[in-house]
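> The structure that follows is given in the form of structure tokens.
Taken together, the values in this text are just the output of simple stated rules run on the coordinates, not laboratory data. A quick note: this is a predicted structure, and the numbers were derived from the prediction, not measured. Methodologically, a virtual Cβ is constructed for each residue, glycine included, from the backbone with ideal geometry; neighbour enumeration extends over all protein chains shown.
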Amino acid sequence: MAQLRAGPMLRAVDATSATVWVETDTPCEVAVGDHRARTVTLFGHHYAFVAVSDFTPGAPYTVTLDGQRAWPADDRFPPSRLRAPPAERATVLFGSCRSILSDELGDPDRVDALRECAWRAASDPGQALPDLIVLLGDQVYADRTPPATRRFIRCRRSVKGPVGTHAHDFTEFAALYREAWSEPAVRWLLSTVPTVMIFDDHEVIDNWNTSARWLAAHEAQPWWPQRLRNALAAYWMYQHLGNLTADERAADPGFAALRRGDPSVALATFERLASRGGEGTPGVRWSYARTVGPARLVMIDSRGGRVLQGGKRHLLDEDEWAWLEDERAHPAPYLLLGTSLPLLLPHGLHELERITTAACAGRWGRVGARIGERVRQAAQFTTGRWRCCAAPPGRHAEA
């Protein structure tokens, strides 16, 4: 009998449909109420995206696999429900850099916010859930794997050498995502509140795409192409496809081919991206936009699509900037920009960024460039985790 390995997760929701994502242990038919989808298979792992149309917001749902009920599985939590952000006003919970080790470390500053939100809502019927969860990068740490994933890796291969206990092939990335999303309270929360996501560096490796020098050093490593290819494939399946509406997902060439049992189209895309680092993402857009209540939420890929070749250093390529300009002109009364990197820095940090960029470009010679690169990579670890919420005077920002 088929069983759930991860999920269900309530993903993209719009006025007409909601997407429920699951991972199963074997190919099967997944049903959410009367809506069904067959699983697709990637690297021997099985996934389904069930598009639920014409749903009643707030309606509870169940998940069956080949006709057998698989969810809900834990009566400690209220029923999972299909939700959509209200048109007039929406509450957004956002964050990044989640570590599933937080509570085990005993550090009060590292309490798992998702788990806390889930338990508050589950224990108090009057506690309102957010209308949307926005995850702004580092949903998993491929370069700092948690205990269960580390044990899994050690059982299947040697951890000697440069790869060590980092996630490397697709199966190891899959284990990493399952460990991140399977804690019971978090699993329930993600089943009942819509989520949107974008990656940052740790979905691949620390400081991914920081500079041309960083990229050249990693492209010289024999293990790097496979690492990047599998990280992108895992991101596509576990995060990106769920960001898309049913129509957008159907239009994705890789997913359309995968539904026919052919993974080669998607794999060729990841192979191409892995071999053309620092050239943007021609033919691929990880960025996307959603309407959230009265606002337009624009989620920007400021990590994977960087242009680092030819003496350039841009967060977005020209096609991505053009797309962003179009989204900026959306008539919604509010515009929310979601990115894994700080968009508006305090003046002091902005000037420091300019100094290190000039040094790395050779403004003060080769020695200065080496020192600047060392400073920039060291500082990236801290500044990459700052998140800002800014509102113009007289406006209220709710999160």
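> Using a Förster distance of 41 angstrom, determine the FRET efficiency expected from the C-beta separation of D326 and M1, and round it to 0.05.
Efficiency, rounded to the nearest 0.05: 0.30.
> Once the Cα atoms of helix 224-235 and of the chain are each reduced to a long axis, what angle between those two axes, in degrees from 0 to 90 to the nearest 10, is obtained?
It is inclined by approximately 30 degrees.
> Counting DSSP beta bridges with both partners in the chain, what percentage is antiparallel, nearest 5?
Close to 70 percent.
> How much length would be gained if the chain were fully extended between S182 and E219, taking 0.36 nm per residue of separation minus their Cα-Cα distance, in nm to one decimal?
Gain on extension, S182 to E219, equals 10.0 nm.
> Just to compare against my own numbers: the Cα pair-distance distribution for the range 21-62, 10 Å bins, whole % per bin, please.
Per 10 Å bin, starting at 0, the Cα pair percentages come out as 29, 48, 20, 3.
> Then there's this: Taking a spot 7 Å from the Cα of A268 along the direction of its beta carbon, which residues of the range 275-311 have an amide N less than 18 Å from it?
275-276, 282-285
> To continue, here is another question. Can you compute the charge dipole magnitude of the range 4-343 about its Cα centre, using +1 on each Lys and Arg Cβ and -1 on each Asp and Glu Cβ, nothing else charged? Give it in debye, rounded to the nearest 20.
Value, rounded to 20: 680 debye.
> Hey, of (i) 25.9; (ii) 20.9; (iii) 28.2, which did the structure itself give for mean projected area of the Cα convex hull in nm² when calculated?
Matching the structure shown: (ii).
> Here's something else I'd like to know. Test of understanding: express the Cα radius of gyration of the range 41-91 as a ratio to 2.2 N^0.38 Å, with N the residue count.
Here the Cα radius of gyration is 1.48 times the empirical estimate.
> Could you sort the peptides 309-315, 80-86, 274-280, 150-156 by per-residue average Cβ neighbour count (10 Å cutoff), highest mean leading?
Peptide ranking by packing, descending: 80-86, 274-280, 150-156, 309-315.
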